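Data first, discussion second: the structure below is written as structure tokens.
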Amino acid sequence: MATITSQRRTVTAEELQELCQDGKSFELVKGELREMPPGGEEHGYRGMRLPGHLVAYVYAHSLGEVSLAETGVLLERGPDSLRAPDMGFIARDRLPDEPSPNWREIVPDLVIEVVSPNDTWSEVTDKVQQWLAAGVRVAWVVDNRARTVTICQAAQPWVTLTETETLDGGDVVPGFVLPVAQIFAWPKGKPSPPPAHG
């Protein structure tokens, strides 16, 4: 994650919107620009496994709304922090009447962060700590290299799950369960034919 030094001391959320119009992606951390370079193939494919399962579950049970990467969330002002999770979930009873055309000011109940190859663990944990400090109830950190999912909650020990364990949504996404191994599985060979209808 590259840090861009501005000639001015800080950049505002409003100025960030103008900077992102040239096709580049940035986050804003306490007024400091952070460029978000594209991830690799593994990051892209496996990074969608957990969000894909969660999206299907949330919509099937009318639990709320989800947003995928590049949906900015305003976390603080003066200096401004505007960050985007790989996925965010907001429970139905906290949704605004209409989505904002700009960034979101309601923090998600749950965020998913997928560690990219150019992230350091300290960068990831700093971002997670900022989410939790802003009011996010739980963050799930997917690490493709370690093949783990870490469950992060404020004022509680963080728990890392391996491929032999199962992730569940607790009281944030009630009823959601997913074996961690499914997040890191890679389909091989030809797909099975669809069932015959008769």
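Give or take rounding to whole Å, what are the principal axis extents of the alpha carbon atoms in the stretch 39-184, in descending order?
Computed over the stretch 39-184, the largest-to-smallest principal extents equal 40, 35, 33 Å.
Given the C-alpha centroids of the stretch 144-163 and the stretch 63-106, what is the distance between them in whole angstrom?
Each part reduced to its Cα centre gives a spacing of 23 Å.
Throughout, read-outs are computed from the coordinates displayed, never taken from laboratory work. These figures come from a predicted structure and were not determined experimentally.
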